[in-house]
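Only one structure is covered here, and it is reproduced in the block below.
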Amino acid sequence: MPRMNLEGSSSIVTGGASGIGEACARQLAALGSRVVIADLNQDKGTEVASEIGGLFVKCDVSDVEDAKAAVGAASEMGPLRALVNSAGLGYAARTIDRNNVPMDLERFAFVIKVNLIGSFNMLSQAASAMATTEPLDEDGARGAVVNMASAAAFDGQIGQCAYSASKGGIVGMTLPIARDLSAVGVRVNTIAPGLIDTPIYGEGEQSDAFKAHLGQSVLFPKRLGSAEELAFAVMECITNPYLNAETIRLDGGIRMPPK
């Protein structure tokens, strides 16, 4: 069975304006898919979309109407075959602080809303569109979804309870959603990145030194991963017809210490 052919298809990458999402969008475009960059950063998102022959759609992933708009825009460019859920955010705070004050519950809920509920929202809307497309092969394959979790889903550090909970939820829903969508030929996988070099670390000499220090804690190779390397794994999840219901750690073998 050949790889899933993305020529003439459409795809959606949330958080596609920068970092991991941008790398995934560029590789999807190279495989012949018309990509919708679904992001809140209009300037950068429009720039990336124009460079790869795609389309920018301003999108709050936790909003149902925004998700529908992104799916609709993609479907107009070709049958929707791929969704990469790369949008997300973090919030560092302990369960109770040094004065024993509990974490602001609204901040915890916001991380869950964007990372976990936002991923499910985009996925369910995209799957609905994929289900109406013509099958690609005799297996009845119609598309693939890749969610973005984190190594923090398994070994979250001090202060990462909200982030780890949101990413652990993504890991936990991967298998049941893959089971749900097997009826319509849509595969679902999750990537759990470790330390990836994205714009979150900033730029300049100080940033480079910090990243080099962080890289020493990686088993091998002793450096941060690149967004391009992560996108390689995402493309494998999308195009390998037999890869389904799996969560893959892409982290150079790192196991995060408590802090």
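A short reminder: the numbers here are calculations on the coordinates, not readings from a lab. None of the values given here were measured: they were computed from a predicted structure. Glycine also receives a Cβ, built like all others from the backbone with ideal geometry; neighbour counts cover every protein chain displayed.
Observations on the model:
- Solvent-free Debye scattering, log10 I(q)/I(0), computed from the Cα coordinates of the chain at q = 0.09, 0.14 Å⁻¹: -0.38, -0.92
- Overall shape of the stretch 5-69 was characterised from the C-alpha gyration tensor. The equivalent ellipsoid obtained from it has semi-axes of 18, 13, 9 Å, in decreasing order.
- Per-residue Cβ neighbour counts within 10 Å put GLU236, GLU22 in the sequence GLU236, GLU22, beginning with the fewest.
- Counting every other Cβ atom within 10 Å of each residue's Cβ, CYS237, CYS59, CYS24 order from fewest to most as CYS237, CYS59, CYS24.
- The stretch 1-153 - Rg over Rh from alpha carbon coordinates, Kirkwood radius: 1.05
- Out-of-range pairs (alpha-carbon distance over 23 Å; input LYS44/LYS167; LYS211/LYS259; LYS113/LYS167; LYS113/LYS259): LYS44/LYS167; LYS113/LYS259
- When both bridge partners sit in the chain, DSSP labels roughly 5% of those beta bridges antiparallel.
- For the chain, the 222 nm mean residue ellipticity estimated from helices alone, with every DSSP H stretch of n ≥ 4 adding -39500 (n - 2.57) and the total spread over all residues, rounds to -12500 deg cm²/dmol.
- Counting neighbouring beta carbons within 10 Å and listing from fewest to most, the residues TYR91, TYR242, TYR201 come out as TYR242, TYR201, TYR91.
- C-alpha long axis of helix 161-181 to longest principal axis of the chain, angle in °: 20 degrees
- Positive-end extreme of charge dipole, the chain - chosen from ALA183, VAL64, GLY215 (charges on Cβ): GLY215
- Between 0 and 90 degrees, the angle of helix 205-215 with respect to the longest Cα principal axis of the chain falls at about 80 degrees.
- Size of electric dipole in the stretch 1-84: Cβ of Lys, Arg +1 and of Asp, Glu -1, about Cα centre, debye, nearest 20: 360 debye
- Charge dipole of the chain (Cα centre as origin; +1 on each Lys and Arg Cβ, -1 on each Asp and Glu Cβ, all else neutral): 700 debye, rounded to the nearest 20.
- The Cα center of the stretch 228-247 and the Cα center of the stretch 1-18 differ in position by 11 Å.
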